[in-house]
1. Among the listed residues LEU166, LEU158, LEU183, which satisfies the condition of being of a type in the set (A, V, I, L, M, F, W, C) and within 24 Å of ALA232 (Cβ to Cβ)?
2. Among all residue pairs at least 6 apart or on different chains, which show Cβ distances below 8 Å where the first residue, located in segment 186-205, is within 14 Å of SER224 (Cα to Cα) and the second is of a type in the set (Gly, Ala, Ser) and buried (at least 19 other Cβ atoms within 10 Å of the Cβ)?
3. Return yes or no: is ASN102 over 20 Å from the mean Cα position of the chain (by Cα), outside any loop (DSSP other than H, G, I, E, B) and either farther than 27 Å from TYR231 by Cβ or not charged (D, E, K, R) (or both)?
4. If you scan segment 73-95, which residues turn out to be more than 13 Å from the chain's Cα centre (by Cα) and in contact (Cβ under 8 Å) with a residue 40 or more places away in the chain?
5. Exactly one of these conditions fails for PRO119: (1) modelled with pLDDT of 95 or more; (2) surrounded by 14 or more Cβ atoms within 10 Å (Cβ to Cβ). Give me its number.
6. Collect the residues in segment 125-151 that are at pLDDT below 95 and either in contact with a strand residue (DSSP E or B) (Cβ under 9 Å, 6 or more places away or on another chain) or open to solvent by less than 10 Å² (accessible area, probe 1.4 Å) (or both), keeping them in residue-number order.
7. Can you report the number of residues in segment 165-183 which are open to solvent by less than 40 Å² (accessible area, probe 1.4 Å) and within 20 Å of VAL83 (Cα to Cα)?
8. With the condition kept exactly as written, say whether any residue in segment 206-224 is over 30 Å from ASP73 (Cβ atoms), part of a loop (DSSP other than H, G, I, E, B), open to solvent by 10 Å² or more (accessible area, probe 1.4 Å) and without any contact (Cβ under 8 Å) to a residue 40 or more places away in the chain.
Amino acid sequence: STFISMNKGRSGTSSLCDSNNSLLLYAGYLSDGTSQTRCRVYNKFHTKVLNGDSIFFEPWYHSILFVPKPSSDSIAFLFSNIVVGEIDPFGLYYSIINYKANNDSGLVVQKNVQLNNRPAFDGLAAIKHGNGKYWWVIFKDWNPLSLLTYNNRFHVYLVNENGPILFQTQNIGVMNNDGGGQLLFNESGSLLYLCTWAGALEYLSFDRCTGQLSNPIIVEQPHSTQPYPYYASLAL
């Protein structure tokens, strides 16, 4: 069937489907001419979920992500990160959505719960835990206040029945100082790929049972000066 999405703006989006690939939720940026526009959540009927607005967000490209809550048939988490902090405080946030509430039209139960206050690289990635039940969510740092500051810091969050918790932080792989790019898992979840606007390309091994990153393979180092190649997205 054909439908018209409610997303009408420049930025990345995220969606959540059931096991039959039927749409449950989607979210994104709606450009309506206001300076305070944030992320909005829509249901399978393409109407805004109750309380589904004013979610912390910036119109970047890979900075929102749905993850289903383990052991629940009605709850999902929407993760969002803040890259430059022009409107909302830096950090990683999550909101809780009950997509079966309100006669299947959905309800945002809680929004903008802060997990950290760090400036975010424009990339969130998630993969199912090796136990087939929990999830991993990967967040990466950058420093928009000093482009001379390089880092290779990843934060690994575990999502279980109680919600997301910081599992571990690792400094590993290529050093970069730009906030644009993408993180992407391969289909099996054994590899995490990274690209950046400044031209960094690498992939790292990932253990879905321990949440550990290892064995970084650097394909390209980032450019130290302009012009940048602007590697904005990855495809496998």
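The values are calculated or read from the model by the stated rules, or taken from the named source; none is laboratory data. Just so we're clear, the structure is a prediction, and the values are computed from it rather than from any experiment. For neighbour counting, all protein chains shown are included, and Cβ atoms are generated from backbone atoms with ideal geometry for every residue, glycine included. Just so you know, the surface numbers come from the protein's heavy atoms only, side chains and all, with ligands and any DNA or RNA stripped out. Shrake-Rupley method; radii C 1.70, N 1.55, O 1.52, S 1.80 Å.
1. Result of the check over LEU166, LEU158, LEU183: LEU183.
2. Qualifying pairs under 8 Å: THR196/GLY180; THR196/GLY181; TRP197/GLY179; TRP197/GLY180; TRP197/GLY181; ALA200/GLY181.
3. Numbers: over 20 Å from the mean Cα position of the chain (by Cα): yes; outside any loop (DSSP other than H, G, I, E, B): yes; either farther than 27 Å from TYR231 by Cβ or not charged (D, E, K, R) (or both): yes.
Yes.
4. Keep residues of segment 73-95 that are more than 13 Å from the chain's Cα centre (by Cα), which gives 73-76, 84-90.
Residues satisfying the conditions are ALA76, VAL84, GLY85, ILE87, ASP88.
5. Here PRO119 clears every test but (1).
6. If we filter segment 125-151 for residues that are at pLDDT below 95, which is where we start, we get 141-151.
Scanning segment 125-151 gives ASP141, TRP142, ASN143, TYR150, ASN151.
7. 10
8. First, the residues of segment 206-224 that are over 30 Å from ASP73 (Cβ atoms): 212-224.
Restricting the remaining residues to those that are part of a loop (DSSP other than H, G, I, E, B) gives 221-224.
Now narrow it down to the ones that are open to solvent by 10 Å² or more (accessible area, probe 1.4 Å): 221-224.
Subset that is without any contact (Cβ under 8 Å) to a residue 40 or more places away in the chain: 223-224.
Yes: one or more hits.
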